[in-house]
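The values are calculated or read from the model by the stated rules, or taken from the named source; none is laboratory data. Since the structure is predicted, the reported quantities are computational estimates derived from the model, not experimental observations. With ideal geometry, Cβ positions are generated from the backbone for all residues, glycine too; neighbour counts draw on all protein chains shown.
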Amino acid sequence: MQHQKPSAYNSLLTFLFSVPLVTTLVSNALADWPQWGGPDRSFKVDSKPLADSWSEAGLPRVWTRPLGDGYSGISAVNGRLYTMFRSDEQESIVALHAQTGETAWEHSYAAPFLTGTDLSPGPGPHTTPLVVDDRVCSVGVTGILHCLDAADGNVLWSQNLIEKLGGTKLYRGYSSSLIAYRDTVLALVGGPGHAIVAFRLKDGKIEWQSHDFQTSHASPLLVSYIGQDQLIVYADKTIAALDPASGEILWQHPHDMGGGHIASMPVWGNDGRLFFSCAYGGGSRCLKLDRRADKTTVTEAWFNKKMRVHHSNVVHVDDYVYGSSGDFGPKLFTAINMTTGKIAWRERSVTRCSILYADGKFLILEENGQLSLATASPEELKIHSQVKLFESRAWTPPTLVGNQLFVRNRENIMAFELP
């Protein structure tokens, strides 16, 4: 393992790329973005009031700088950004100063690809660092989990989820982002007796491990239903809820898709409803939870094969779920009623994309680098402004803090100011 301090070359690069418009980032900050999906993993965030449209000149670029390959999301806490990238056979976890993009610290480690994996669409890493108190926890495409000191990047503890613990080895590598509960970090591992593992945040020792199912690429979700905390896990052939304090199975419901095809996180809705979806013929389902006499049961409310979310995210607003649907064929931005399962509309002008929701508006980043400002209702999608941010592939959802938008592709990371 190698712990690297910022080089003079990196410092010079970031200075050259970050001279204009760097004074507003921290002063504009509101809610931090400490994990995959934002503060509560819903991709909805409090922000400063956002303009209803953008000028033809586009968005002010605060800074940009080179970064290594990967689709890792960007966490933002206390004026620092945290993400991951890959170069040759090394993975790196990096902390950047949010004002300038300059490197604060960088931790690199050897991570040769596992046999039997195919990373041709992108070598990873795929997960988003989790920031808890003064620690940063992240796991790479080969399943190596690190817990680092957020101040300086020093390694506090590490675990190998696949080679040491015998976790599920997926064709596209490890992709599920970590989640925190009380004083533990919860990781999808997979395999007999340790489908889910809770590691103690302070030292990395196993607090509990539970169940036998194989996992998927989808990240877990924490919800609270009638006073009961539930860890929702969208896994191979099953979706389940566990008690995050003990690993006890609370409920389980079958589905017919293998874990290697599942990549989009479930979405928690109104009235105890849970939406989940996958591509390649998987379709979308909604479960209705019911809790009586301290026991939770689930029934399938509906199934719709026309809504197929590939590896992007969806957002729930009121009684509708909005997101990109499609795999090999057309990718259609779709609205589906969470109560009935009926599709309200499908919009061809927006292709495969990631989305955020703030100030009653959608920020839609298509995989070709085009960013749209839009509003959506059960009747239609209205696009108010569009700007092309870059040309390289964009499969990473952007991060919004205040009115500062942090975006990356497979080459660069950058910051923009939203009017």
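Give the number of residues within the stretch 112-163 that are charged (D, E, K, R), modelled with pLDDT under 95 and either in contact with a Leu (Cβ under 7 Å, 6 or more places away or on another chain) or within 16 Å of Gly190 (Cβ to Cβ) (or both). Show your work before the answer.
Within the stretch 112-163, the subset charged (D, E, K, R) is 118, 133-135, 149, 152, 163.
Next, only the ones that are modelled with pLDDT under 95 stay: 118, 133, 163.
Within this subset, residues satisfying the condition of being either in contact with a Leu (Cβ under 7 Å, 6 or more places away or on another chain) or within 16 Å of Gly190 (Cβ to Cβ) (or both) are 163.
Selection size over the stretch 112-163: 1.
If we keep just the residues of the stretch 379-393 that are touching a strand residue (DSSP E or B) at 6+ places or on another chain (Cβ under 8 Å) and surrounded by 15 or more Cβ atoms within 10 Å (Cβ to Cβ), which is farthest from Glu411 (Cα to Cα)? Break it down stepwise before answering.
Our first condition is that a residue be touching a strand residue (DSSP E or B) at 6+ places or on another chain (Cβ under 8 Å); within the stretch 379-393, this holds for 379-390, 392.
Those left that are additionally surrounded by 15 or more Cβ atoms within 10 Å (Cβ to Cβ): 381, 383, 385-387, 389-390.
On the way: Leu381: 31, Ile383: 28, Ser385: 25, Gln386: 22, Val387: 19, Leu389: 13, Phe390: 10 Å.
So the residue we want is Leu381.
Look through Leu222, Leu231 and report the one residue that is buried (at least 18 other Cβ atoms within 10 Å of the Cβ), at pLDDT 95 or above and within 18 Å of Arg273 (Cβ to Cβ). If you could, list the steps in order and put the result at the bottom.
Values: Leu222 fails: buried (at least 18 other Cβ atoms within 10 Å of the Cβ).
Answer to the check: Leu231.
Taking only the stretch 137-184 into account, find how many residues are assigned to a loop (DSSP other than H, G, I, E, B) and surrounded by fewer than 17 Cβ atoms within 10 Å (Cβ to Cβ). Spell out how you get there, then give the answer.
Filtering the stretch 137-184 for residues assigned to a loop (DSSP other than H, G, I, E, B) gives 140-143, 150-154, 161-178, 182-183.
Checking which are surrounded by fewer than 17 Cβ atoms within 10 Å (Cβ to Cβ) leaves us with 151-152, 154, 163-164, 166, 171, 182-183.
Total meeting the criteria: 9.
Here are the criteria: (1) more than 19 Å from the chain's Cα centre (by Cα); (2) at pLDDT below 95. Tell me which single one Gly68 does not satisfy.
(1)
If you go through the stretch 150-169 one residue at a time, do you hit one that is under 16 Å from the mean Cα position of the chain (by Cα) and touching a residue at least 60 places away in the same chain (Cβ under 8 Å)?
Pass one, the stretch 150-169, residues under 16 Å from the mean Cα position of the chain (by Cα): none.
Taking every residue of the stretch 150-169 in turn, none turns out to be under 16 Å from the mean Cα position of the chain (by Cα) and touching a residue at least 60 places away in the same chain (Cβ under 8 Å).
hydroxyl-bearing (Ser, Thr, Tyr), over 12 Å from the mean Cα position of the chain (by Cα) and at pLDDT 95 or above: does that describe Ser53?
yes
Tell me yes or no: at least one residue of the stretch 54-63 is surrounded by 21 or more Cβ atoms within 10 Å (Cβ to Cβ) and in contact (Cβ under 8 Å) with a residue 60 or more places away in the chain.
Checked against the condition, which is being surrounded by 21 or more Cβ atoms within 10 Å (Cβ to Cβ) and in contact (Cβ under 8 Å) with a residue 60 or more places away in the chain, the stretch 54-63 yields at least one hit.
Residues in the stretch 101-136 that are touching a Phe, Trp or Tyr at 6+ places or on another chain (Cβ under 8 Å) and crowded, with 19+ Cβ neighbours inside 10 Å: how many? Please lay out each step first, then the result.
Narrowing the stretch 101-136 to residues touching a Phe, Trp or Tyr at 6+ places or on another chain (Cβ under 8 Å): 101-102, 116-119, 122-131, 136.
Narrowing further to those that are crowded, with 19+ Cβ neighbours inside 10 Å: 101-102, 123-131, 136.
So the count comes out to 12.
Of all residues being assigned to a strand (DSSP E or B) and small (Gly, Ala, Ser) in the stretch 55-105, which is farthest from Ser175 (Cα to Cα)? Just the residue, please. Walk me through how you get there before you give the answer.
Keep residues of the stretch 55-105 that are assigned to a strand (DSSP E or B), which gives 61-66, 69, 75-77, 80-87, 90-97, 103-105.
Now drop any that are not small (Gly, Ala, Ser), which leaves 75-76, 87, 92, 95, 104.
Details: Ser75: 16, Ala76: 20, Ser87: 18, Ser92: 15, Ala95: 20, Ala104: 25 Å.
The extreme case among them is Ala104.
From the set of residues in the stretch 362-373 that are touching a residue at least 24 places away in the same chain (Cβ under 8 Å) and either within 17 Å of the chain's Cα centre (by Cα) or surrounded by fewer than 22 Cβ atoms within 10 Å (Cβ to Cβ) (or both), which is nearest to Phe390 (Cα to Cα)? It would help to see each step written out before you state the result.
Just the residues of the stretch 362-373 that are touching a residue at least 24 places away in the same chain (Cβ under 8 Å), to begin with: 362-369, 371, 373.
When the remaining residues are screened for being either within 17 Å of the chain's Cα centre (by Cα) or surrounded by fewer than 22 Cβ atoms within 10 Å (Cβ to Cβ) (or both), the result is 362-369.
Working: Phe362: 19, Leu363: 16, Ile364: 14, Leu365: 11, Glu366: 11, Glu367: 10, Asn368: 8, Gly369: 5 Å.
For the stretch 362-373, the residue satisfying everything is Gly369.
Would you say Glu417 is within 28 Å of Asn78 (Cβ to Cβ), in contact with a strand residue (DSSP E or B) (Cβ under 7 Å, 6 or more places away or on another chain), surrounded by fewer than 22 Cβ atoms within 10 Å (Cβ to Cβ) and at pLDDT 95 or above? Walk me through it before giving the result.
Values: within 28 Å of Asn78 (Cβ to Cβ): yes; in contact with a strand residue (DSSP E or B) (Cβ under 7 Å, 6 or more places away or on another chain): yes; surrounded by fewer than 22 Cβ atoms within 10 Å (Cβ to Cβ): yes; at pLDDT 95 or above: yes.
It is true that Glu417 is within 28 Å of Asn78 (Cβ to Cβ), in contact with a strand residue (DSSP E or B) (Cβ under 7 Å, 6 or more places away or on another chain), surrounded by fewer than 22 Cβ atoms within 10 Å (Cβ to Cβ) and at pLDDT 95 or above.
Results for (1) of a type in the set (Lys, Arg); (2) modelled with pLDDT under 95; (3) touching a strand residue (DSSP E or B) at 6+ places or on another chain (Cβ under 6 Å); (4) crowded, with 21+ Cβ neighbours inside 10 Å, shown as yes or no for each residue.
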position: Ile196; (1), (2), (3), (4): no, no, yes, yes
position: Lys202; (1), (2), (3), (4): yes, no, no, no
position: Thr215; (1), (2), (3), (4): no, yes, yes, yes
position: Ala218; (1), (2), (3), (4): no, no, yes, yes
position: Gln252; (1), (2), (3), (4): no, no, yes, no
position: Phe276; (1), (2), (3), (4): no, no, yes, yes
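Pick from the stretch 111-136 the residues that are outside any loop (DSSP other than H, G, I, E, B) and of a type in the set (Val, Ile, Thr): which of them is farthest from Ser175 (Cα to Cα)? Working first, answer last.
The first filter runs over the stretch 111-136 and keeps only residues outside any loop (DSSP other than H, G, I, E, B), leaving 130-132, 135-136.
The next check asks that each one be of a type in the set (Val, Ile, Thr); those that pass are 131-132, 136.
Working: Val131: 17, Val132: 20, Val136: 17 Å.
Per the stated criteria, the residue is Val132.
Among the hydroxyl-bearing types (Ser, Thr, Tyr) and touching a residue at least 40 places away in the same chain (Cβ under 8 Å): is that true of Thr351 in this structure?
Values: among the hydroxyl-bearing types (Ser, Thr, Tyr): yes; touching a residue at least 40 places away in the same chain (Cβ under 8 Å): no.
Answer is no for this residue.
Residue-by-condition table, conditions (1) surrounded by fewer than 19 Cβ atoms within 10 Å (Cβ to Cβ); (2) in contact with a Phe, Trp or Tyr (Cβ under 8 Å, 6 or more places away or on another chain):
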site	(1), (2)
Lys295	yes, no
Met307	no, no
His310	no, no
Val321	no, yes
Ser324	no, yes
Gly329	yes, no
Asn337	yes, yes
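What single numbered condition from (1) polar (S, T, N, Q); (2) more than 28 Å from Met414 (Cα to Cα); (3) surrounded by fewer than 21 Cβ atoms within 10 Å (Cβ to Cβ) fails to hold for Ser284?
Of the numbered conditions (1) polar (S, T, N, Q); (2) more than 28 Å from Met414 (Cα to Cα); (3) surrounded by fewer than 21 Cβ atoms within 10 Å (Cβ to Cβ), the odd one out for Ser284 is (3).
Which of the numbered conditions does Gly281 fail, given that it passes all the others? Conditions: (1) at pLDDT 95 or above; (2) closer than 22 Å to Tyr171 by Cα.
All conditions are met except number (1).
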